[in-house]
Amino acid sequence: MKKVWIGAICSVLFAMSAPLLSAASTPEYSIEAIRYATSPGVPVDELVVGGPKDEKVDIACVVWLIRGGGHTILFDSGFHRDTFLKEFPMKDYLRPDEAVKTAGVAPEAVTDIVISHAHWDHMGGIDLFPRAQVWIQKEEYRYYTADAWQPGGDHGGIDPEDVQALVRLNTEGRVHLIDGDNVEIFPGIRAYTGARHTYASQYLRVDGNPPYVLASDNVYLYRNLSAHLASATFSDADHAANIANQARMIELAGSPDRVVPGHDGLQFQKFPTQGRVAKIK
């Protein structure tokens, strides 16, 4: 009987301590936004569905640097090929590997790149970081390395050279396919899907005190959040799902102020900024 009581007490103590152990094992990550270029004069209605047609904004082109737990992670990788630059002229461009150096990180020190989606200005820099493992949604990888280039497919905004680089990295064992929604890819960092900015785009929640959601293009601007208006998506029929996911992001972050949009230059005003780098947390 004594052994039974001791066992029961130990079980209770273990159950009580498990959340504490879990919390202790989750790193307190730092997050920085790094602006590597600016795209001037973009019509707001191309970013905010139902937004004003006569207003234009300069949008920031950004990668996010997450550090902690032995990882140096980039969320998105920018671009360095010029396929789309005639259509989307840039100013203040600095190649993403050089931009990351302004935050004190050498390109070879980046351990991981999480790709939100396969558009040229988000996936185009994966070959600039020679030691990084690349993480992308399984369905995003499948679609843009296969179906998108078949009759009836949609590869708008996708650079063929980026796709070739992605496939090459996969043959080198450096690509990891994330299978679906609400998947923990590092301790305390989870990937979420749900709306189709591209075929299977994703966003991240970074645990901590407090947590943050990095939306990438699943939310273009803070205005999307405040006005409850969709971002441009893979399918016009997906606008309602995009708005629903914005609400989900706010819930995951605990506040709309902790949802970081993909292209809003205001993040470099909301957070302490030095040069190209904004300290989010």
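The values are calculated or read from the model by the stated rules, or taken from the named source; none is laboratory data. The structure displayed is predicted, hence computed values, not measured ones. Cβ coordinates were reconstructed from backbone atoms using ideal geometry, including for glycine residues, and neighbour counts include every protein chain displayed. Heads up: the accessible areas ignore ligands, DNA and RNA and are worked out on the full protein's heavy atoms, side chains in. Shrake-Rupley method; radii C 1.70, N 1.55, O 1.52, S 1.80 Å.
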For the chain, list the DSSP H helices whose alpha carbon atoms reach 15 Å or more along the long axis and whose average Kyte-Doolittle value is 1.0 or above? 2-25
Tensor-based shape of region 167-241 (alpha-carbon gyration tensor, a/c under 1.5 rounded, otherwise prolate or oblate): oblate
Taking θ = phi - 60°, what integer Hz values does the Karplus form 6.51 cos²θ - 1.76 cosθ + 1.60 yield along region 269-281, in sequence order, with x for Gly and Pro? 10, 5, 10, x, 10, 10, x, 8, 10, 9, 8, 7, 7
In nm, spacing of pseudo-spin labels at D45 and H228 (7 Å Cα→C-beta vector): 2.3
In region 97-196, which trypsin sites (Lys or Arg not before Pro) are in a loop and have at most 14 other Cβ atoms within 10 Å, using DSSP for the loop call? R131
Accessible area of the chain belonging to carbon and sulfur atoms, whole % at 1.4 Å probe: 55
Region 96-216 - accessible surface per residue (Å², probe 1.4 Å): 37
PRE reach from D147 (point 7 Å along Cα→Cβ): which of region 216-246 fall under 18 Å by backbone N? 233-239
Accessible surface of I59 - all protein chains present, 1.4 Å probe, nearest 10 Å²: 20
Per the C-alpha gyration tensor (a ≥ b ≥ c, the square roots of its eigenvalues), region 107-201 is rounded if a/c is under 1.5, else prolate if a/b beats b/c, else oblate; here it's oblate
What does the charge count near D207 come to, summing +1 for each Lys or Arg and -1 for each Asp or Glu among other residues with Cβ under 13 Å from its Cβ? +2
